[in-house]
Amino acid sequence: MSDFSYGHSRGWIEVIVGSMFSGKTEELIRRLRRAEFARLQIQVFKPIIDNRYSDMAVTSHDLTKIDSLPIQKATEIFTYIKPGTKVVGIDEGQFFEDDLVEVVQGLAAQGVRVIIAGLDTDWQGKPFDPMPTLMAIAESVSKQHAVCVVCGSSASRTQRTAGGDSQVLVGTHDAYEARCRHHFKPEVDQPTLDWKLQREAMVENHLEA
Ligand SMILES: [Zn+2]
């Protein structure tokens, strides 16, 4: 879907969700870059838990980057937001507490365009709070899809293939893969493909997106 717009001066909320490897962060970065081209001041935040590639950047799996500020709690956004910021990007929204909802409502009320990317379901296929609430209150919701590594159809689920049973297990390709509803299992399952094939599936997905 194309970029949502209410005009230049009003705040609103956009949500980008999907499984891992569905291009959520790439889409977040694309929208933020467009805002920068429009000479709007942007700021990007991410939860401190997600330090996979870089401490000060939001980085997608294909290593596209944008500068970001790691924070512990969503309420810190009010501390760090600068005068003149028109667009706030938030990555890995599912790793924040439920108070993220109030924070983004507050930002939108102040005229800020807020774009949040995150997983809509967890490794058991259950709604991953606070994303479901954000999807409900947002003006715009985009569901991204990856490619199922088993059958090649659109993937909406994140299959865990290693690790324990905690909801949060930050990892990259060695612990997760994208699967469709049919091939998803709400338990740790054997990995389907090696890394190279998964990478090719991701690239294919981005070309289609
Ligand atoms: Zn499948």
Cα gyration tensor category, rounded, prolate or oblate, for region 12-144 with a/c compared to 1.5: rounded
Sites Glu139 and Asp98 - FRET efficiency at Förster radius 22 Å, r taken between beta-carbons, to 0.05: 0.65
Label-point separation in nm, Lys126 to Ile49, each point 7 Å along Cα→Cβ: 1.4 nm
Approximate spin-label separation Ala162-Asp174, in nm, with each point projected 7 Å along Cα-to-Cβ: 0.4 nm
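To make sure I understand, if each residue's beta carbon is the centre and we count other beta carbons within 10 Å, what order do Ile29, Ile81 fall in, fewest to most?
Ile81, Ile29
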Segment Asp189-Phe37, extension gain: residue separation times 0.36 nm, minus the distance between their alpha carbons: 50.4 nm
Likely footprinting exposure, Met20, Met131, fewest C-beta neighbours within 10 Å first: Met20, Met131
Those lysines that a straight Cα-Cα span of less than 20 Å connects to Lys126, excepting residues fewer than 8 apart in one chain: Lys24, Lys143, Lys185
Residue order, fewest to most beta carbons within 10 Å, for Leu119, Leu40: Leu40, Leu119
Spacing of the two label points (7 Å from each Cα toward its C-beta) at Cys151 and Arg181, in nm: 1.1 nm
Long-range HN-HN contacts of Asp120 with modeled amide H, under 5 Å: Gly18
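No lab work stands behind these numbers, since they all come straight from the coordinates. All figures in this text were calculated on a predicted structure; none of them were measured in a lab. Cβ coordinates were reconstructed from backbone atoms using ideal geometry, including for glycine residues, and neighbour counts include every protein chain displayed.
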